[in-house]
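Reading through the structure tokens given below for one structure.
The values are calculated or read from the model by the stated rules, or taken from the named source; none is laboratory data. This one's a predicted model, so the numbers in the text were calculated from it and none came from an experiment. As a convention, Cβ positions derive from the backbone with ideal geometry for all residues, glycine included, and neighbour counts pool all protein chains shown. Calculation scope for accessible area: heavy atoms of the full protein, side chains included, ligands and nucleic acids excluded. Shrake-Rupley method; radii C 1.70, N 1.55, O 1.52, S 1.80 Å.
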Amino acid sequence: MRTSIQILPGIKAIGWVDSQHLPRRVDLSAICGMTVAVLTDVHPIPFFDEPSCECKTQKDGAGYKDTATLKFLTSEQLPRSAALGFVVTDVNDKSYLLGSLEHPHPIVDCEQRTGIPSGDAAGYSYEIKHVSIKSMVPCVI
């Protein structure tokens, strides 16, 4: 089985969007090599520590599937909407969209942490997973 993993060199900004306002079939646009325009409000998420974002591509029958994973710590709780999307901007000013108008939407796992007195951060730890035929779609905001 052939797989490839793409890891961003450093994350400069993370924001959430309402997936209901995204264009249709962003995954197919990305497969065609098109950059997707995100024409909705991107709500910034303040983060601390070192966030990470990676995308793993796997052969799946006659095609491929991508699994994007975004992990970060924040002091704010995100909205509990079923249709959140995420925009990640790296240090090279390239932005990527995780999510789409159609199903499947990203799976958002939240863990509230209190930290320990010796220096662990208190706040919310998020892990977002998105599985699609193309995830981590290049976008313009």
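Scanning segment 102-141 for residues that are of a type in the set (A, V, I, L, M), modelled with pLDDT of 85 or more and open to solvent by 50 Å² or more (accessible area, probe 1.4 Å) returns Ile107, Val108, Val131, Ile133, Val140, Ile141. Among the residues making up segment 44-57, those that are farther than 13 Å from Val88 by Cβ and surrounded by 15 or more Cβ atoms within 10 Å (Cβ to Cβ) are Lys56, Thr57. Count of segment 22-43 residues, restricted to those that are β-branched (Val, Ile, Thr), in a loop (DSSP other than H, G, I, E, B) and open to solvent by 60 Å² or more (accessible area, probe 1.4 Å), is 1. Every listed requirement among (1) assigned to a loop (DSSP other than H, G, I, E, B); (2) surrounded by 13 or more Cβ atoms within 10 Å (Cβ to Cβ) is met by Asp66 save one, (1). Note on segment 82-101: residues that are assigned to a loop (DSSP other than H, G, I, E, B), surrounded by 12 or more Cβ atoms within 10 Å (Cβ to Cβ) and not hydrophobic (A, V, I, L, M, F, W, C) total 3.
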